1. Could you order the peptides B:263-271, B:56-64 from most to least packed, using the average number of other C-beta atoms within 10 Å per residue?
2. Mind checking A:12-25 for the average number of partner chain beta-carbons within 10 Å of each residue's beta-carbon?
3. According to the square roots a ≥ b ≥ c of the eigenvalues of the Cα gyration tensor, what is the shape class of chain A, taking rounded for a/c under 1.5, prolate for a/b larger than b/c otherwise, and oblate for the remainder?
4. For B:373, A:182, which order do you get if you count the other beta carbons within 10 Å of each Cβ and list the fewest first?
5. What is the Cα centroid distance between region A:64-78 and region A:82-121, reported in whole angstrom?
6. What average number of partner chain Cβ atoms lie no more than 10 Å from the Cβ of the residues making up B:422-434?
7. Could I have the simple spin-label model distance between residue A:231 and residue A:54, label points 7 Å from Cα toward Cβ, reported in nm to one decimal?
8. Shielding of B:438-451 by partners, i.e. mean partner chain Cβ atoms within 10 Å per residue?
């Protein structure tokens, strides 16, 4: 589904990603862990096509296409979804309007018929149960005045409505209390199928108690220095990131 | 440049959608202004003596006045002797029905999306169409007549209802009020007149589409709307204009009078030619709009969506004279390319327990300058007066400007005044967020801006709101990148 080869990227002239290699197949959940500033969010941003990041080397294949040639909206329409670490507020635009515009943009891209208001409302109300959201959220402006937990749940709601093939969750656990974490994680789990995949970017192991990854990758200073199964996350939790930082050498091989 | 920016850039290049000129022979008075020209206009319109005197008085006042330059706008000096002050489509007699109207004129309306023929059947909106300066078609008159509502061109009102015109003309905006109002009072050619009698609720939105057409002809519309005791009327004003190479002056005057318990809602969507990318050829819009809440518990509400004109100088205001009267001003002003807008409102509280609300949304893009200028004045006797003002500005790009000049003058200690102001930049992160959900940059900008303006749009009548949203999208195409 996704193949990242020797990806280098920089922001404002500073190199952040220094040769990322990663392969994600349908049905897999990959966790990307790492200390602050290691390039986790940059990787998520580059994949989603955020403009501030400049790819200087390497390639990314997404479902057989050169991902880097697609503009951000096209990537989204092709089934790539980024759950934002800091969901953006859009004052005056209702959640319903935004969600419907998004879903219909994606459907239009695929030559599918656009949803009318009635069908859309039925769909979205069904999806809201997944993240235990009250229907009153539909009429509120996008993320405006939402608590941290509500914003993250709203991200998962959008994910549920858009039904992406590859979801990238960028520190979705940050700022969540344990109840919100459970709701968000359970939403993600319910949406997981053998046909789709997820990349879960997180600093802490605790999210991985709820969303169990097939693979864990440790990102340090712009490179994946270690990959393993879910147990690697426990090791990190127990020992901190210091011991993996030592693995960071020019010769460090990635799996 | 990013792909999004390029896409948007491409769209900016679009020609003004409503730019076309109708080829109709005009009956135009030679350029220049003098007492003789005013007498000629008055004679052509077969006006009564008192109106001619009223015009001449205005002209004499105007001669002593100087053009105001306090607004935050710049433009080359206007030669008032190089303007033709009267232009009427040549027609032998006033048309009795739409069939008698010049077909080419009707075609123009079709292009603008105002199918007059259909409107008669569709109901809901009566259109008093002002083409250049003389009304050529009025619909729904009979229906309104049954209710005693007068809705006609200003010239017709002078002929048919001189007592009403004489009683209210200049009662809100006197001849010498300001430079442009004085000029308008001297030379106004036509406009609309509405009178809603006591206790009558006008069952439909009254609508006038203004259109500037004759080359080099200044437009001087005069609108007077009177709502008698307990009456209600909602009036819509919308306009587009053809592409021009020279600047066109427009100096209209709108007067609203609400007597006891009456309510007037006045909505405008203004889309005059803003000039090309370099600001060449756009309309100069120097308008005086003012309403007087003369009676107790009366209410006047202005809602405007300003997207056009090269220069906008406009302050729809309310004089809150009656006790418990209410004034409202909801405004969206969009400037792009080289447009300049200096707009806002004045709320003058005279009566007791009067209240006013101001919601202004300014959006600047390109190299434009967008200024909010507002005044809230609480007079000594206005016990318990209240005002709430909210002025929000949004910037798109880094070459435009947003300015806010709120003036507050309070002479009564029991008054409550609130003022909120924000300035924001349309966020790249907002656009990216939309992009990441599959929404194109163009649609994203549209959505974000419409969200920003929502508080104003919801004050507009439904059909107008839809039009306004589309207009906003068109006006801002190509402004992010």
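Since every read-out is calculated from the coordinates, none of them should be taken as a lab result. For clarity, every value in this text was computed on a predicted model and none was experimentally measured. All Cβ positions, glycine included, derive from the backbone under ideal geometry; neighbour counts span all protein chains shown.
1. Output ranking for B:263-271, B:56-64: B:263-271, B:56-64.
2. 0
3. prolate
4. In increasing order of surrounding Cβ atoms, one gets A:182, B:373.
5. 18 Å
6. 5
7. Taking the simple label geometry, residue A:231 and residue A:54 are separated by 4.4 nm.
8. 6
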